[in-house]
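Undergrad: Before I ask anything, here is the structure I am working with.
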Amino acid sequence: MSLLEARGLTKRFGGVVANRDISFTVAPGELVGIIGPNGAGKSTLFDLITGFARPDAGEVLLDGRPVTHRRPDEISRLGVARTFQKLRPFAEMTALENVMIGAFQRTRDVDEARRAACEALEAVGLGDRAHAHARGLSTGQRKRLELARALATRPRLLLLDEVTGGVDQATIPGLVRLVRDLHARGLTLVVIEHNMRVIMDLAQRILALQLGELIADGPPAEIMRDHRVIDAYLGEAWRRA
Amino acid sequence: MARLPGLAAAALLAALLAFPLVVTLPFPRHVMIMIFLYATLAQAWNLLAGYCGQISLGHAVFFGTGAYTSSMLVKTLDLTPWAGMLAGAVLAAALSQVIGYPVFRLQGHYFAIATIAVGEIVYTLALNWDLIGAARGLYVPIKRPDSLSNFQFHESKQAYYYIALALLLLAVAVTRRVERSRTGFYFRAIREDALAAASLGVAVTRYKLRAMALSAALTALCGTFYAQYVLFIDPESVFPLSLSILICLVAVLGGVGTVWGPLVGAAVLVPLGEGTRILFGGTGKALDLVVYGALIMLVSVLQPAGLVGLARRLGRP
Amino acid sequence: MTAEVLLQGLVGGLLMGLVYALIAAGLSLIFGLMEIVNFAHGEFLMVAMFSTFWAWAVVGLDPLAALPLTAAILFLLGIATYHGLIRWILGGPMLAQIFATFGLAVFLRSGAQALWGVDFRLVKDPLVQGRLELAGLFVGLPQLVASAGALAAFAALYWFITRTETGLALQATAQDRQAAALMGIDTQRMFALGWGIGAACVGVAGALLGMFFYVFPDVGSTFALLAYVAVALGGFGNVPATLLGGVVVGVVEVMGGLLISPTLKAVVVFAMYLAVVLWRPQGLFGRF
């Protein structure tokens, strides 16, 4: 059975259709990439899956059970964690405290949460910044922080909104390695990514969005040959890259 | 200040406990009682606003609820005010959920103004509700002799002093406990970014309501204390917007989101208020309030983190 | 209750609502520009009304003749408030912003009390007085002139914001202050101007109210609370919509007083506010 299934998800904002009739499944253990130009509706899709927005039509299923109208915190407790494209650190709290908020999903105990948070910070390579305030971290570090926070909830499914966006070139390989490690350890991931090389290399399967519609769904090699994808997005991006 | 050593805290507590034994004049005792009362109120407000980030400008609602509940129970059922105090706290907590559930959907200024609106509604209703004395107010029936169970002490303010101190210690203990628990971490996460908190599994509304219930109950306890201390209440003294604002002001002056802030704020603001009232007040000239207003502006411009923040900054070269 | 009484109330509420709208417009303008709620707005109005009163009492100037003067005084007060207070808390937390203007409110109100006491004062024998009978309805002439004046001022404000270069710069600043700064707009100047104009709106309203309303240090608080409701109804920062917000508040206030109880009319207005913001948290015409 699929871990995540979207059935005909549609979302409108005023007259603009952000997502139109999007259906796909994610099997346990998969690493799925989502690509598409700006405004294609990628982040909206994450919002629909995680309860931050309500679809006008369609359904979201986890383990085959509908969760469409659940609140974000309920979705999180069902084992789905996410990051945000525009980072949302708890600015006035330390890195450690940030991650503890995630860890508290698994325990009431403060010391236990602290231990789990330390582990998560180590895992993303932020161990030495544990007591720094989140507002004092660089963009790359905040990205890692957000990842650690999500991981600390011990999700089954992790949705990453732009792993490498806004991060300097030198940090990208480290982040990619991190994602690969997580996947190797059995985590299911759905990753929105602008950097074509990164995503083609990383993902087992790719969903391509354009103007709110799902125009392709398949392995990277196939996606790269899909003329609709090439026309819509890859052509231009590939040339630029 | 943040980690005031245990020894210093113990010394401070000992000094506070000894104070009425040394100082027997009523006025200094009264000032201390008012400091404790406002510190407790500010601490209660701090739980909701400072830690959880929900800036309520309507906390007088809960203060008045506490004051009226116990006074009415004393008056009609001849119940001991202690039972009334408990009932008032429970009622205020329940009321806070009724108010909070819809109002927590609002954010920022919309939330703050909605709490003003709720406060004004309650104030106006109290002014017109004959059962509770409407605008004429309510006299708490005088009970003799002075006793703890009567919660009235006409001979000396000493008992009031210790009760007010106990209330403050209760509020500090509750805050400390919350601060060091998962609930406290969740409060702060909600204050920083409610959406991010939700994405990590924090049931945002439930925790906001929890903060509000705690805050309202503690505030109501103070209301009962006030009623038993002054023995007369009316909407103008326990429900007005100016009281709601004063409560936050004490916390803001001291520094929100810290255990010590409300204490420091009350310790500065209350004597200042009493002092300027003696110096300039009584003439009907409101000069004390002029100074007070100027001070508020000064604090918000110079040091939004409050006096505790200022002390921290000075202590860290 | 007869239909005439209701109609009479409706007209009265409508007229007063236009004045509320002008007061609310200033509040909304300031909020739209920099997301700060001016909690001293009512006290600005009080200052305007006292200026009007003293212009009459000392120099013998009629409130209407003193109107430009009052507006100018308030304009300067707004600018001074910006430079002396607001500028320093722009980046600060919301609490600092609330308390800065709240402190100003206490300062102005108690300052007025210290200077002039708590007495109620009224301009006697103003130029416009008496009442008009129109199809069986009585309308106070000062009220009529006040609402017409408020409407005219509102129209002038609208024209200024939407048709003049400065007004458009003001709007641009409200929408995106960084982009505005990049376009070469001096945002500091715009902020100061916003405070000046916001306060001047209250100056006009104060002069108009000065024709028929008692002046006392606490006079602003009633009006300010109603203005907050009007602004929230229209949606914070949406200046044109405050016209409707103000009128709704004025009518509901009077109707609540007539149909329920005069002492409970504040309850009706605030309950309506809560109902509206809960139904549409961004106000009836909010921008998000």
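The values are calculated or read from the model by the stated rules, or taken from the named source; none is laboratory data. Small disclaimer: the values here were computed from a predicted structure and weren't measured. Don't worry about glycine lacking a Cβ; one is built from the backbone with ideal geometry, like all the others, and counts go over all protein chains shown.
Undergrad: Regarding A:Phe84, is this residue facing another protein chain (nearest Cβ under 8 Å), of a type outside the set (D, E, K, R), outside any helix (DSSP H, G or I) and touching an Asp or Glu at 6+ places or on another chain (Cβ under 7 Å)?
TA: So A:Phe84 fits the description; yes.
Undergrad: Let me ask something else about it. Between A:Pro89, A:Pro72, A:Pro66, which is facing another protein chain (nearest Cβ under 10 Å), free of Cβ contacts under 8 Å to residues at least 40 places away in the same chain and over 19 Å from B:Arg180 (Cα atoms)?
TA: A:Pro72
Undergrad: Just give me the residues in the range A:99-111 being within 22 Å of B:Arg177 (Cβ to Cβ) and either out of contact with any Gly (no Cβ under 7 Å at 6 or more places or on another chain) or crowded, with 24+ Cβ neighbours inside 10 Å (or both), in sequence order.
TA: A:Met100, A:Ile101, A:Ala103, A:Phe104, A:Arg106, A:Thr107, A:Arg108, A:Asp109, A:Val110, A:Asp111
Undergrad: Could you tell me whether any residue of the range C:26-35 is on the phi > 0 side of the Ramachandran plot and either at pLDDT below 90 or charged (D, E, K, R) (or both)?
TA: Looking for residues that are on the phi > 0 side of the Ramachandran plot and either at pLDDT below 90 or charged (D, E, K, R) (or both), one finds at least one in the range C:26-35, hence yes.
Undergrad: Do we have A:Arg135 as under 20 Å from A:Gln85 (Cβ atoms) and either buried (at least 17 other Cβ atoms within 10 Å of the Cβ) or among the polar types (S, T, N, Q) (or both) here? Full working, then the answer.
TA: Numbers: under 20 Å from A:Gln85 (Cβ atoms): yes; either buried (at least 17 other Cβ atoms within 10 Å of the Cβ) or among the polar types (S, T, N, Q) (or both): no.
No.
Undergrad: Also, I was wondering about something else. Hey, among C:Val139, C:Val123, C:Val145, which residue is within 30 Å of C:Leu6 (Cα to Cα), among the β-branched types (Val, Ile, Thr) and in contact with a Lys or Arg (Cβ under 7 Å, 6 or more places away or on another chain)?
TA: On the way: C:Val123 fails: in contact with a Lys or Arg (Cβ under 7 Å, 6 or more places away or on another chain); C:Val145 fails: in contact with a Lys or Arg (Cβ under 7 Å, 6 or more places away or on another chain).
That would be C:Val139, the only listed residue that is within 30 Å of C:Leu6 (Cα to Cα), among the β-branched types (Val, Ile, Thr) and in contact with a Lys or Arg (Cβ under 7 Å, 6 or more places away or on another chain).
Undergrad: Then there's this: Find the strands (runs of 3 or more DSSP E) located wholly in the range A:130-225 whose residues include 3 or more that are touching a strand residue (DSSP E or B) at 6+ places or on another chain (Cβ under 9 Å) and more than 25 Å from A:Ala113 (Cα to Cα), and list them.
TA: A:188-192, A:205-210, A:213-218
Undergrad: Residues in the range B:170-190 that are more than 10 Å from chain A (Cβ to nearest Cβ) and either of a type in the set (Phe, Trp, Tyr) or touching a residue at least 24 places away in the same chain (Cβ under 8 Å) (or both): how many?
TA: Step one: list which residues in the range B:170-190 are more than 10 Å from chain A (Cβ to nearest Cβ), which gives B:170-179, B:187.
Those still in the list that are either of a type in the set (Phe, Trp, Tyr) or touching a residue at least 24 places away in the same chain (Cβ under 8 Å) (or both) too: B:170-172, B:174-176, B:178-179, B:187.
Selection size over the range B:170-190: 9.
Undergrad: Let me ask something else. Quick test for you: out of C:Ser51, C:Ser28, pick the one residue that is assigned to a helix (DSSP H, G or I) and under 20 Å from C:Thr166 (Cβ atoms). Full working, then the answer.
TA: Details: C:Ser51 fails: under 20 Å from C:Thr166 (Cβ atoms).
Step by step, each of C:Ser51, C:Ser28 is checked, and only C:Ser28 is assigned to a helix (DSSP H, G or I) and under 20 Å from C:Thr166 (Cβ atoms).
Undergrad: In the list A:Glu59, A:Glu30, which residue meets the criterion of being within 22 Å of A:Leu151 (Cα to Cα) and of a type outside the set (A, V, I, L, M)? Outline the logic, then answer.
TA: On the way: A:Glu59 fails: within 22 Å of A:Leu151 (Cα to Cα).
Going through A:Glu59, A:Glu30 in turn, the sole match is A:Glu30.
Undergrad: Just wondering, is there one or more residues in the range B:23-44 that are under 30 Å from B:Pro141 (Cα atoms), under 21 Å from the mean Cα position of the chain (by Cα) and within 14 Å of another protein chain (Cβ to nearest Cβ)?
TA: Yes, the range B:23-44 contains a residue that is under 30 Å from B:Pro141 (Cα atoms), under 21 Å from the mean Cα position of the chain (by Cα) and within 14 Å of another protein chain (Cβ to nearest Cβ).
Undergrad: Within the range A:53-62, can one find any residue that is among the small types (Gly, Ala, Ser), touching an Asp or Glu at 6+ places or on another chain (Cβ under 8 Å), closer than 28 Å to A:Asp21 by Cα and within 14 Å of chain B (Cβ to nearest Cβ)?
TA: Among the residues of the range A:53-62, at least one is among the small types (Gly, Ala, Ser), touching an Asp or Glu at 6+ places or on another chain (Cβ under 8 Å), closer than 28 Å to A:Asp21 by Cα and within 14 Å of chain B (Cβ to nearest Cβ), which makes the answer yes.
Undergrad: Sticking with this one: Counting only residues that are within 14 Å of chain C (Cβ to nearest Cβ) and over 26 Å from C:Met34 (Cβ atoms), which one in the range B:82-118 is surrounded by the fewest Cβ atoms within 10 Å (Cβ to Cβ)?
TA: So in the range B:82-118, the residues within 14 Å of chain C (Cβ to nearest Cβ) come out as B:98-118.
Applying the additional criterion that residues be over 26 Å from C:Met34 (Cβ atoms) yields B:98-102, B:118.
Values: B:Val98: 10, B:Ile99: 24, B:Gly100: 24, B:Tyr101: 13, B:Pro102: 14, B:Val118: 24.
Among those residues, the one meeting the criterion is B:Val98.
Undergrad: From the list B:Thr76, B:Thr24, B:Thr40, B:Thr65, pick out the single residue that is assigned to a helix (DSSP H, G or I), modelled with pLDDT under 95 and of a type outside the set (Phe, Trp, Tyr).
TA: B:Thr76
Undergrad: Could you check, for the range C:225-239, whether at least one of its residues is away from every other protein chain (no Cβ under 13 Å) and in a helix (DSSP H, G or I)?
TA: Within the range C:225-239, the first condition is being away from every other protein chain (no Cβ under 13 Å), and the residues that meet it are C:238-239.
Filter once more, so that each one left must be in a helix (DSSP H, G or I): C:239.
The answer is yes; a qualifying residue exists.
Undergrad: Can you find even one residue in the range A:173-187 that is farther than 19 Å from A:Ala81 by Cα, surrounded by fewer than 17 Cβ atoms within 10 Å (Cβ to Cβ) and touching a residue at least 40 places away in the same chain (Cβ under 8 Å)?
TA: Among the residues of the range A:173-187, at least one is farther than 19 Å from A:Ala81 by Cα, surrounded by fewer than 17 Cβ atoms within 10 Å (Cβ to Cβ) and touching a residue at least 40 places away in the same chain (Cβ under 8 Å), which makes the answer yes.
Undergrad: Also: Specify which of the listed residues (B:Ala213, B:Ala198) is within 14 Å of chain A (Cβ to nearest Cβ), out of contact with any strand residue (DSSP E or B) (no Cβ under 9 Å at 6 or more places or on another chain) and buried (at least 19 other Cβ atoms within 10 Å of the Cβ).
TA: On the way: B:Ala213 fails: within 14 Å of chain A (Cβ to nearest Cβ).
Only one candidate qualifies: B:Ala198.
Undergrad: Any chance the range B:79-96 includes a residue that's in contact (Cβ under 8 Å) with a residue 40 or more places away in the chain, touching a Ser or Thr at 6+ places or on another chain (Cβ under 7 Å), of a type in the set (Ser, Thr, Tyr) and outside any helix (DSSP H, G or I)?
TA: yes
Undergrad: Tally time: how many residues in the range C:86-130 are within 7 Å of chain B (Cβ to nearest Cβ), touching a Ser or Thr at 6+ places or on another chain (Cβ under 9 Å) and not in a helix (DSSP H, G or I)?
TA: Final tally of qualifying residues: 1.
Undergrad: Got a sec? Which of A:Ala130, A:Ala152 is more than 19 Å from A:Glu193 (Cβ to Cβ) and either modelled with pLDDT under 90 or surrounded by 22 or more Cβ atoms within 10 Å (Cβ to Cβ) (or both)?
TA: Going through A:Ala130, A:Ala152 in turn, just one is more than 19 Å from A:Glu193 (Cβ to Cβ) and either modelled with pLDDT under 90 or surrounded by 22 or more Cβ atoms within 10 Å (Cβ to Cβ) (or both): A:Ala152.
Undergrad: In the range B:149-164, is there at least one residue being in contact with a helix residue (DSSP H, G or I) (Cβ under 8 Å, 6 or more places away or on another chain), part of a helix (DSSP H, G or I) and closer than 30 Å to A:Gly51 by Cα?
TA: The answer is no, given that none of the residues of the range B:149-164 is in contact with a helix residue (DSSP H, G or I) (Cβ under 8 Å, 6 or more places away or on another chain), part of a helix (DSSP H, G or I) and closer than 30 Å to A:Gly51 by Cα.
Undergrad: For the range A:138-149, name all the residues that are within 12 Å of another protein chain (Cβ to nearest Cβ) and either surrounded by fewer than 24 Cβ atoms within 10 Å (Cβ to Cβ) or farther than 21 Å from A:Pro72 by Cα (or both).
TA: Passing the criteria: only A:Arg142.
Undergrad: Could you pull out the residue among A:Glu59, A:Glu92, A:Glu74, A:Glu112 that is part of a loop (DSSP other than H, G, I, E, B) and among the acidic types (Asp, Glu)?
TA: Residue meeting the stated conditions: A:Glu92.
Undergrad: Among B:Thr224, B:Thr205, which is the only one that is buried (at least 21 other Cβ atoms within 10 Å of the Cβ) and not hydrophobic (A, V, I, L, M, F, W, C)?
TA: Selected residue: B:Thr224, the only one of B:Thr224, B:Thr205 that is buried (at least 21 other Cβ atoms within 10 Å of the Cβ) and not hydrophobic (A, V, I, L, M, F, W, C).
Undergrad: Let me ask something else about it. Return a yes/no flag: does the range B:223-239 have any residue that is over 13 Å from the mean Cα position of the chain (by Cα), within 25 Å of B:Gly309 (Cβ to Cβ) and outside any helix (DSSP H, G or I).
TA: Within the range B:223-239, not a single residue is over 13 Å from the mean Cα position of the chain (by Cα), within 25 Å of B:Gly309 (Cβ to Cβ) and outside any helix (DSSP H, G or I).
Undergrad: Return yes when C:Leu264 is touching a Pro at 6+ places or on another chain (Cβ under 7 Å) and either within 14 Å of chain B (Cβ to nearest Cβ) or free of Cβ contacts under 8 Å to residues at least 40 places away in the same chain (or both) and no when it is not. Walk me through how you get there before you give the answer.
TA: Numbers: touching a Pro at 6+ places or on another chain (Cβ under 7 Å): no; either within 14 Å of chain B (Cβ to nearest Cβ) or free of Cβ contacts under 8 Å to residues at least 40 places away in the same chain (or both): yes.
When the stated conditions are applied, C:Leu264 does not pass them.
Undergrad: From the list B:Phe225, B:Phe232, which residue is in contact with a Phe, Trp or Tyr (Cβ under 9 Å, 6 or more places away or on another chain) and within 20 Å of B:Ala135 (Cα to Cα)? Spell out how you get there, then give the answer.
TA: Values: B:Phe225 fails: within 20 Å of B:Ala135 (Cα to Cα).
Exactly one residue qualifies, and that residue is B:Phe232.
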